[in-house]
């Protein structure tokens, strides 16, 4: 049990990568607070974790709203007695298209969910971490922030912001024993955002284009990402901060 009894929030955990992270952490002994804006999806994940013998509960919150994020952090402390790790997984992408065609509304939404959420998590969880002597932020960024592709310029920029912000926070919050790290997944065709990211239905032709850029010859899975998060959340990573783990089969080399 690598994260036994740790209190961990996972945002955007109602499906996809977030669900995989929540399930993996719970299987390794964590008390997981599953967050999503979709109550039905989040409660379904909680039910699956509990059925498998894990510990989890659900909390609905919009990660772009300060009051919601404050309530989410408070819920973890109230239910578990503390907060050890906050996994900022919730994310969104605009449809694959030229940079000049992305609407202002889509730009704002992309940065609100991908970047403002990190700001709000830091604002509300850092005082808790400081009061208890430490904690850990794990931010799910993307290889798009390291090796950007055309058609996703605004998304690429938002994930680049997550990476740079995380490294800066690691340096700033280190004296408080607060670790900040990133996980950068490569394309996963099984997530709800994959069609928008790819610019259309995920058919074999589109898969082939993406797969050709990954030296190990396959896409990332939710379990691949979850295993990286598990390591960063565990005491094994006690001296690891300010790093990005590319879960990408050497895509970014």
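So the values come out like this:
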read-out	value
Helices (runs of 4 or more DSSP H) (entirely within segment 2-103) containing at least 1 residues that are out of contact with any helix residue (DSSP H, G or I) (no Cβ under 9 Å at 6 or more places or on another chain) and surrounded by fewer than 17 Cβ atoms within 10 Å (Cβ to Cβ)	39-51, 66-80
Among (1) in contact with a strand residue (DSSP E or B) (Cβ under 8 Å, 6 or more places away or on another chain); (2) under 18 Å from residue 229 (Cα atoms); (3) crowded, with 19+ Cβ neighbours inside 10 Å - the single one residue 114 does not satisfy	(1)
Scope segment 91-118; condition without any contact (Cβ under 8 Å) to a residue 40 or more places away in the chain and within 23 Å of residue 184 (Cα to Cα); matching residues	108, 109
All positions within segment 179-193 that are at pLDDT 95 or above and farther than 14 Å from residue 225 by Cα	179, 180
Long-range neighbours under 7 Å by Cβ, at least six apart or interchain, first residue modelled with pLDDT of 95 or more within segment 161-172, second in a helix (DSSP H, G or I)	161/115; 162/114; 162/115; 162/118; 162/145; 163/145; 165/118; 169/122
Every pair of residues 6+ apart whose Cβ atoms lie under 7 Å, when the first sits in segment 205-225 and is more than 27 Å from residue 22 (Cα to Cα) while the second is surrounded by 11 or more Cβ atoms within 10 Å (Cβ to Cβ) and at pLDDT below 90	206/198; 206/200
Residue count, segment 63-84 (criterion: under 23 Å from residue 26 (Cβ atoms) and within 18 Å of the chain's Cα centre (by Cα))	8
Identity of the residue in segment 129-156, part of a helix (DSSP H, G or I) and more than 20 Å from the chain's Cα centre (by Cα), that ends up surrounded by the fewest Cβ atoms within 10 Å (Cβ to Cβ)	131
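The values are calculated or read from the model by the stated rules, or taken from the named source; none is laboratory data. Quick caveat, the model's predicted, so the values are computed rather than measured. Note: ideal-geometry Cβ built from the backbone for every residue, glycine included; neighbour counts use all protein chains shown.
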